[in-house]
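Below is one structure, written out as structure tokens; the observations come after it.
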């Protein structure tokens, strides 16, 4: 009779308990990079219906319960681009309400995610994303012809930005106000005849643009109307340009015994491949901690600007908000905290994995195959669950650009030329029969992602 | 230390898993019941503010003066626009309806239709000109004009920090004499709510 080797029992030992803990540490990080690229491709092709369908198809499998805010943000922006302003507002309202609820949990959230993977928490949005919700909603109501509704959103945005100013004043953080949001507020207040409110918003916008110049390298736009026609109306053309930068997961390994940090990451790792690489690397090293952190990658887009022409009056759009720069700067400012938290989380996982291995060693011996397997496997599993939070509002544009034209009253065709970096015309879009009324503003928007 | 951590963690996982259970339940309630859920402006606010302000309006000095001017005949009132200047998307049409209802039910004024309603009625008269028999047509130009117009604004101030907020609503209404443009009555109703959102997140 041969000697029977004892087997690892699933009902005993730390391995089972370790597996129970994994869901807390594992990622459920929202739509994949591949899906984001698909959606951006559809937007670039002006297939907004296709983009919407792709997002809706992924509601459960790609977004899931913890990313409903992200789902409604992505959906709301695409619906807006498609001119479905009512539906867009319904989506963004759902996102905003949940964001408000999650805001009150941010105090306890900060403590909770010290140990938990960021991806396990419900996505609440970045600060600038939160402000953009109200900006988009104000525009939704504006395009629906509901100025009162637009002003509600403007007031909400004003309160939010005041809160940012109160909380972040004195701190080394760039995003304390939103220049574009304040500019939009000034126009809408003016439309409503609230000239004092308009003046205040305009002054805040100018102050914010000065801060933008230093923080984001955004030149202060004039944003004044072109054309000298008196007694006419005004066209405000809003060009949403480019694609928002993508968040990716990057990682580095910390050798446990040497207590040395070694950057060992591939560039532009997607979250999924990063986890696989982490697992392989950790499996080989055995005694190392793998730490992941998010970073932004800007996918290229060709259109750099635009020129608007109607009734013989023409103007180039000016950069009113560089969302890509805002996003990247905001993340950079928080990177130290993110990495510290990631290291703490990875350390806890290392301790847990080591505890499992120690239990197995005690039971089967340090030189047993079970111990070696547990040691390598636990470390690899820990690394596989280490992924940065790469969630972001992916359907935002990279830029908001604005042109204002004074036009005679009547119906006009508005021609927009989209320009490359050298000023060469890449494409043209014509908006037929745009009505300009005397003494009134008409708002028009277009979305490019090419 | 390691063993203690490992022993505790499964219980935590189990607790989190159980907290996800739940479903939708529906409970019927009386339409007049007060039920504050989100802390936002709701039907109760609309009804209470309208009733209280109309009661106050009709109790003020302008009313007996108006009766005297019309030899005891009830003054005719129209409700104009109530503008929403808050930070919430409040359906002011509902509030206007509440004001109208309170005015009509008071029995102290005659009430005429709003601009939108009059437009609809006038369209109907135009249709009657074409399609109705002569003896059943309603003539144009015989509407009762209002003596007074009631209009106003709904304002809001929010003072918030974290999950705690004090939400202050102020409704201002004015009753204007259509003939003299004088403000016959200026009323104000304030509502203050303390809204606290739970921090429990897990």
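Points worth noting:
- Tally, over segment B:122-154, of residues that are closer than 30 Å to residue B:85 by Cβ and modelled with pLDDT under 85: 2
- Hey, residue A:83 surrounded by fewer than 20 Cβ atoms within 10 Å (Cβ to Cβ), in contact (Cβ under 8 Å) with a residue 24 or more places away in the chain and away from chain B (no Cβ under 14 Å) or not: yes
- For residue B:196: the one exception among (1) more than 14 Å from chain A (Cβ to nearest Cβ); (2) within 28 Å of residue A:123 (Cβ to Cβ): (1)
Residue-by-condition table, conditions (1) part of a loop (DSSP other than H, G, I, E, B); (2) under 30 Å from residue A:67 (Cβ atoms); (3) at pLDDT 80 or above:
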| position | (1), (2), (3) |
| --- | --- |
| A:351 | no, yes, no |
| A:356 | no, no, no |
| A:370 | no, no, yes |
| A:382 | no, yes, no |
| A:390 | yes, yes, yes |
| A:416 | no, no, yes |
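- So residue B:178, is it under 18 Å from the mean Cα position of the chain (by Cα) and under 21 Å from residue B:72 (Cα atoms): no
- Close pairs from segment A:171-186: first on the phi > 0 side of the Ramachandran plot, partner in a helix (DSSP H, G or I) and surrounded by 24 or more Cβ atoms within 10 Å (Cβ to Cβ), Cβ under 9 Å, at least 6 apart: none
- Per the conditions (1) under 15 Å from residue A:135 (Cβ atoms); (2) surrounded by 17 or more Cβ atoms within 10 Å (Cβ to Cβ); (3) in contact (Cβ under 8 Å) with a residue 40 or more places away in the chain, the sole criterion not satisfied by residue A:95 is (3).
- Any hit, segment B:131-150, residues being away from chain A (no Cβ under 14 Å), out of contact with any helix residue (DSSP H, G or I) (no Cβ under 8 Å at 6 or more places or on another chain) and assigned to a strand (DSSP E or B): yes
- Restricting the first member to segment B:161-179 and to residues that are more than 13 Å from every other protein chain (Cβ to nearest Cβ), and the second to residues that are exposed (fewer than 14 other Cβ atoms within 10 Å of the Cβ) and not in a strand (DSSP E or B), the beta-carbon pairs closer than 8 Å and six or more apart or on different chains are B:176/B:182; B:178/B:145.
- For segment B:173-190, the condition holds for at least one residue, the condition being that it is surrounded by 17 or more Cβ atoms within 10 Å (Cβ to Cβ) and closer than 30 Å to residue A:140 by Cα.
- So residue A:371, is it without any contact (Cβ under 8 Å) to a residue 60 or more places away in the chain, away from chain B (no Cβ under 14 Å) and buried (at least 17 other Cβ atoms within 10 Å of the Cβ): yes
The values are calculated or read from the model by the stated rules, or taken from the named source; none is laboratory data. Only a predicted model underlies this, so the values are computations on that prediction, with no experimental measurement involved. Quick reminder, even Gly has a Cβ in these numbers, built from the backbone with ideal geometry, and neighbours come from all protein chains shown.
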